[in-house]
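K.L.:
The structure is given below, and queries will be raised subsequently.
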Amino acid sequence: MAAIEVRGLVKRYGDLEAVAGIDLTVLEGEVFALLGPNGAGKTTTVEILEGYRERTSGDVSVLGYDPGDPPREFRERIGIVLQETSVEPELTVAEALDIYGAIYPRRRPTGELIELVGLTDKRDDRVKTLSGGQRRRLELALGIVGDPDLIFLDEPTTGFDPSARRQAWTVIENLRGLGKTILLTTHYMDEAQHLSDRVAVIARGRIIAAGTPETIGGRADAKTMIRFRVAGVALDSLPLVPVRLDGGFVEIESSDPTRDLYTLTRWALDNEIELEDLVVDRPSLEDIYLQLTDDEVTA
Amino acid sequence: MTGRPSTLRLLWVQTVYQSKLFWRNPVSAFFTLAFPVMIFVVFSLVFGNEKIPYLEITVAQYYAPSLAVFAAVSATYTNLAITTSYQRDLGILKRIRGTPLPAWVYMGGKIISATYIAFIGIVIMIGVGVAFYGLNVYGRTMPAAILTFLVGSFAFSALGLFISAVAPSGQAATAVANATLLPLAFFSGIFIIPAEDSPTWLRLVGDFFPLKHFNDAFFAAFDPQRTDAAFEGGHLAYMVLWGVIAAALAIRWFTWEPTVGGSTTRRRRAARVPT
């Protein structure tokens, strides 16, 4: 079953086509990440799905509802964590969760939410005294206060320190464990890689690549890069042909890294050569993302 | 879906929530509730509590109800205009919009809370008048006073929400609310008792806007020369007209999202987004 089904979505602001024909399917229980540079149409797309913005054309179904004209049930079943929203600074953490929770038919207990996002110590503190990361975690808690089936997370961990981010990831993983569907936007590739089942890259209002984090943009077929530094060795004595030489660094592309590494290290040991700073690497999601969005910008 | 909270409960939760926010902002609580009392005390010190010559009533008998009206209008018009606009700037309204809370329940909670605070303001003012300045209160006119208060609170709540609908930011709403209420308070007989020979244009301005009608209708209930129940149907109807028009325009023009470029908050947020 699809939680979100989008066909031919277009949004125009005057002459500007912010979203230029997007097709998208997010399955129930899936964590789906939308990646893309600012101004690519990410937020516009998400805000149409959330019911904040009307679309110019296209078919959109979210949990079976049309978000352009949603009944109250629609908002009872979704949870939204936006960047541009905030909570009354004068409320305490617990009060905010109580007040927003009271709006929903199925609500998660305040104490449980506070524990889930790690704000137990801040329970009775005013929102205005929280740090940026703590506020963001409160927003995350508010996003799930109504026990939603589908959760929209717009850059959920921007501004978090590494340990807060790990905590947030754990929260999101727990939500997935409960069978929730999650649509995520993020600037962090490690976040997309860590959390999502599938990713799509948006640029200039179109989806330019989609797939799992492992396979997107031909990542699965990409060659392994072996990189090291050697000193005082004639390069033509290398057992493999380098693709690039750069300031003493040697880069070798390999489609059979097990065999090639063996060849290389045997050669190095036989000749008593040290392979300094040896790295074996495959293109990261970030490399693929930068390559995809760069192609698009320079195209 | 089962277990959806009843509308009445939602309205109650929203009212309590908005009232709580009011008390947690000491500056606005002071200006709404204490400021009118201060003006009243100052006026009584300056003018004494003599009989006003051509009205044949004491200074307190005139100013206590007038400044009670001023407190009620501050609690409704000024407060709703300013807080709602700031809530929009901060993205609080946008968050509310993303929840299943019906818009009218949210606004209803705001209006009921504002009316409740206006009621406290009126009670304080009348209480001070009775306790320390010999203000006469008549049981016979209390139904009219309460009805006038309710109609006035509705009209000025609607006007406050109308200001928040047209003001691009919280700062703008603050300026507009204060720059309209204070001059009108002079034209409407709240700060100055209109002289018998005041210029016609001044009287026309006062007659056009609803504040004078609120003041006149409320004062009627405290007028020692009245012997009837002091219902002022004409004034009330005129306030209802203003309220209905303001509410209709507020509903038509209201936005839940921060205005792009309309506030510094929004610009700062936009600047922070990583590229």
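K.L.:
Does B:Val16 satisfy the criteria of being loosely packed, with under 12 Cβ neighbours inside 10 Å and not small (Gly, Ala, Ser)? Even if it seems obvious, please write down each step before you answer.
P.N.:
Working: loosely packed, with under 12 Cβ neighbours inside 10 Å: no; not small (Gly, Ala, Ser): yes.
So B:Val16 does not fit the description; no.
K.L.:
So, in the stretch A:45-61, how many residues would count as being in contact (Cβ under 8 Å) with a residue 40 or more places away in the chain, within 13 Å of chain B (Cβ to nearest Cβ) and outside any loop (DSSP other than H, G, I, E, B)?
P.N.:
If we filter the stretch A:45-61 for residues that are in contact (Cβ under 8 Å) with a residue 40 or more places away in the chain, which is where we start, we get A:45-46, A:49-50, A:53, A:55-61.
With the extra rule that they be within 13 Å of chain B (Cβ to nearest Cβ), the set shrinks to A:46, A:49-50, A:53.
Retained after the next criterion (residues that are outside any loop (DSSP other than H, G, I, E, B)): A:46, A:49-50.
Final tally of qualifying residues: 3.
Okay, residues lined up against (1) assigned to a loop (DSSP other than H, G, I, E, B); (2) over 15 Å from the mean Cα position of the chain (by Cα); (3) in contact (Cβ under 8 Å) with a residue 60 or more places away in the chain; (4) surrounded by 13 or more Cβ atoms within 10 Å (Cβ to Cβ):
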{"residue": "B:Leu181", "(1), (2), (3), (4)": "no, no, yes, yes"}
{"residue": "B:Ala185", "(1), (2), (3), (4)": "no, no, yes, yes"}
{"residue": "B:Gly189", "(1), (2), (3), (4)": "yes, yes, yes, yes"}
{"residue": "B:Pro194", "(1), (2), (3), (4)": "yes, yes, no, yes"}
{"residue": "B:Gly206", "(1), (2), (3), (4)": "no, yes, no, yes"}
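K.L.:
Quick one: in the stretch A:100-111, of everything that is crowded, with 21+ Cβ neighbours inside 10 Å and within 8 Å of another protein chain (Cβ to nearest Cβ), which residue is farthest from B:Pro100 (Cα to Cα)?
P.N.:
Start the filter on the stretch A:100-111 by keeping residues that are crowded, with 21+ Cβ neighbours inside 10 Å, which leaves A:100-101, A:103-104.
Filter once more, keeping what is within 8 Å of another protein chain (Cβ to nearest Cβ): A:100, A:103-104.
Details: A:Tyr100: 10, A:Ile103: 7, A:Tyr104: 7 Å.
Going through the qualifying residues, I end up with A:Tyr100.
K.L.:
In the stretch A:182-195, how many residues are small (Gly, Ala, Ser) and part of a loop (DSSP other than H, G, I, E, B)? Before you say what the answer is, go through the steps one by one.
P.N.:
Our first condition is that a residue be small (Gly, Ala, Ser); within the stretch A:182-195, this holds for A:192.
Filter once more, keeping what is part of a loop (DSSP other than H, G, I, E, B): none.
The number of residues fulfilling the criteria is 0.
K.L.:
Return the only residue of A:Leu240, A:Leu261 being over 30 Å from A:Ala209 (Cα atoms) and in a loop (DSSP other than H, G, I, E, B).
P.N.:
Selected residue: A:Leu240, the only one of A:Leu240, A:Leu261 that is over 30 Å from A:Ala209 (Cα atoms) and in a loop (DSSP other than H, G, I, E, B).
K.L.:
Could I ask something else about it? In the stretch A:116-131, which residues are modelled with pLDDT under 90 and over 20 Å from the mean Cα position of the chain (by Cα)? Spell out the reasoning first.
P.N.:
From the stretch A:116-131, those modelled with pLDDT under 90 are A:116-118, A:131; that's our starting set.
If the condition is that a residue be modelled with pLDDT under 90 and over 20 Å from the mean Cα position of the chain (by Cα), then A:Leu116, A:Gly118, A:Ser131 are the ones that fit.
K.L.:
For A:Glu286, state whether it is under 30 Å from A:Ala20 (Cα atoms) and either in contact with a Pro (Cβ under 7 Å, 6 or more places away or on another chain) or part of a loop (DSSP other than H, G, I, E, B) (or both). Talk me through it step by step, then tell me what you get.
P.N.:
Working: under 30 Å from A:Ala20 (Cα atoms): yes; either in contact with a Pro (Cβ under 7 Å, 6 or more places away or on another chain) or part of a loop (DSSP other than H, G, I, E, B) (or both): no.
When the stated conditions are applied, A:Glu286 does not pass them.
One line per residue, one yes/no per condition, for (1) buried (at least 23 other Cβ atoms within 10 Å of the Cβ); (2) within 24 Å of A:Arg136 (Cα to Cα); (3) aliphatic (A, V, I, L, M); (4) at pLDDT 90 or above:
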{"residue": "A:Val171", "(1), (2), (3), (4)": "no, yes, yes, no"}
{"residue": "A:Asn174", "(1), (2), (3), (4)": "no, yes, no, no"}
{"residue": "A:Lys180", "(1), (2), (3), (4)": "no, yes, no, yes"}
{"residue": "A:Tyr188", "(1), (2), (3), (4)": "no, yes, no, no"}
{"residue": "A:Leu195", "(1), (2), (3), (4)": "yes, yes, yes, yes"}
{"residue": "A:Ile202", "(1), (2), (3), (4)": "yes, no, yes, yes"}
{"residue": "A:Gly205", "(1), (2), (3), (4)": "yes, no, no, yes"}
{"residue": "A:Thr215", "(1), (2), (3), (4)": "no, no, no, no"}
{"residue": "A:Ala220", "(1), (2), (3), (4)": "no, no, yes, no"}
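K.L.:
(1) more than 17 Å from A:Arg107 (Cα to Cα); (2) touching a Ser or Thr at 6+ places or on another chain (Cβ under 6 Å): which one isn't true of A:Arg206, the others all being true?
P.N.:
Result: A:Arg206 passes all but (2).
K.L.:
Across the stretch A:230-243, what is the number of residues that are touching an Asp or Glu at 6+ places or on another chain (Cβ under 8 Å) and over 14 Å from A:Val280 (Cβ atoms)? Write out each step before concluding.
P.N.:
Start the filter on the stretch A:230-243 by keeping residues that are touching an Asp or Glu at 6+ places or on another chain (Cβ under 8 Å), which leaves A:230-231, A:240, A:242-243.
From the residues that got through so far, the ones that are over 14 Å from A:Val280 (Cβ atoms) too are A:230-231, A:242-243.
Total meeting the criteria: 4.
K.L.:
Go through the stretch B:78-136 and tell me which helices (runs of 4 or more DSSP H), entirely inside it, have 1 or more residues that are among the acidic types (Asp, Glu). Outline the logic, then answer.
P.N.:
Numbers: elements: B:79-89, B:92-97, B:103-133.
Filter on the stretch B:78-136 gives B:79-89.
K.L.:
On the given criteria, is A:Phe32 more than 12 Å from chain B (Cβ to nearest Cβ) and modelled with pLDDT of 95 or more?
P.N.:
Numbers: more than 12 Å from chain B (Cβ to nearest Cβ): yes; modelled with pLDDT of 95 or more: yes.
The answer is yes for A:Phe32.
K.L.:
In addition: List every residue pair whose Cβ atoms lie under 8 Å apart, where the two residues are 6 or more positions apart in sequence or sit on different chains, the first residue falls within the stretch A:230-258 and is acidic (Asp, Glu), and the second residue, located anywhere, is assigned to a loop (DSSP other than H, G, I, E, B).
P.N.:
Close Cβ pairs (under 8 Å, with a partner that is assigned to a loop (DSSP other than H, G, I, E, B)) amount to A:Glu251/A:Pro242; A:Glu251/A:Val243; A:Glu253/A:Lys223; A:Glu253/A:Val243.
K.L.:
While we're on this one: So, A:Val93, is that one within 11 Å of chain B (Cβ to nearest Cβ), crowded, with 19+ Cβ neighbours inside 10 Å and not charged (D, E, K, R) or not? Lay out the reasoning, then the answer.
P.N.:
On the way: within 11 Å of chain B (Cβ to nearest Cβ): no; crowded, with 19+ Cβ neighbours inside 10 Å: yes; not charged (D, E, K, R): yes.
Here the answer is no, as A:Val93 does not meet what is asked.
K.L.:
Among the candidates A:Ile151, A:Ile144, which residue alone is among the β-branched types (Val, Ile, Thr), closer than 29 Å to A:Ile4 by Cα and touching a Ser or Thr at 6+ places or on another chain (Cβ under 9 Å)?
P.N.:
Working: A:Ile144 fails: touching a Ser or Thr at 6+ places or on another chain (Cβ under 9 Å).
Matching residue, one of A:Ile151, A:Ile144: A:Ile151.
K.L.:
Turning to a different aspect of this structure: Go through the stretch B:95-135 residue by residue and tally those that are within 14 Å of chain A (Cβ to nearest Cβ) and aliphatic (A, V, I, L, M). Talk me through it step by step, then tell me what you get.
P.N.:
Within the stretch B:95-135, the first condition is being within 14 Å of chain A (Cβ to nearest Cβ), and the residues that meet it are B:95-106, B:108-110, B:113.
Next, only the ones that are aliphatic (A, V, I, L, M) stay: B:96, B:101, B:103, B:105.
So the count comes out to 4.
K.L.:
Would you mention how many residues in the stretch B:24-39 are more than 20 Å from B:Ala177 (Cα to Cα) and at the interface with another protein chain (Cβ under 9 Å from one of its Cβ atoms)?
P.N.:
Within the stretch B:24-39, residues that are more than 20 Å from B:Ala177 (Cα to Cα) and at the interface with another protein chain (Cβ under 9 Å from one of its Cβ atoms) number 1.
Table: residues versus (1) within 30 Å of B:Val13 (Cβ to Cβ); (2) of a type in the set (Asp, Glu); (3) crowded, with 23+ Cβ neighbours inside 10 Å.
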{"site": "B:Ser28", "(1), (2), (3)": "yes, no, no"}
{"site": "B:Ala34", "(1), (2), (3)": "yes, no, no"}
{"site": "B:Val41", "(1), (2), (3)": "no, no, no"}
{"site": "B:Ser66", "(1), (2), (3)": "no, no, yes"}
{"site": "B:Val73", "(1), (2), (3)": "yes, no, yes"}
{"site": "B:Thr76", "(1), (2), (3)": "yes, no, yes"}
{"site": "B:Val105", "(1), (2), (3)": "yes, no, no"}
{"site": "B:Tyr116", "(1), (2), (3)": "yes, no, no"}
{"site": "B:Met125", "(1), (2), (3)": "yes, no, yes"}
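K.L.:
Looking at the structure I just gave you, is A:Thr120 out of contact with any Asp or Glu (no Cβ under 9 Å at 6 or more places or on another chain), more than 19 Å from B:Lys20 (Cβ to Cβ), of a type outside the set (A, V, I, L, M) and surrounded by fewer than 22 Cβ atoms within 10 Å (Cβ to Cβ)?
P.N.:
Here the answer is yes, as A:Thr120 does meet what is asked.
The values are calculated or read from the model by the stated rules, or taken from the named source; none is laboratory data. Note that the coordinates shown come from a computational prediction; the quantities given were computed from them, not determined experimentally. Reconstructed Cβ throughout: ideal geometry from the backbone, glycine too, with neighbour counts over all protein chains shown.
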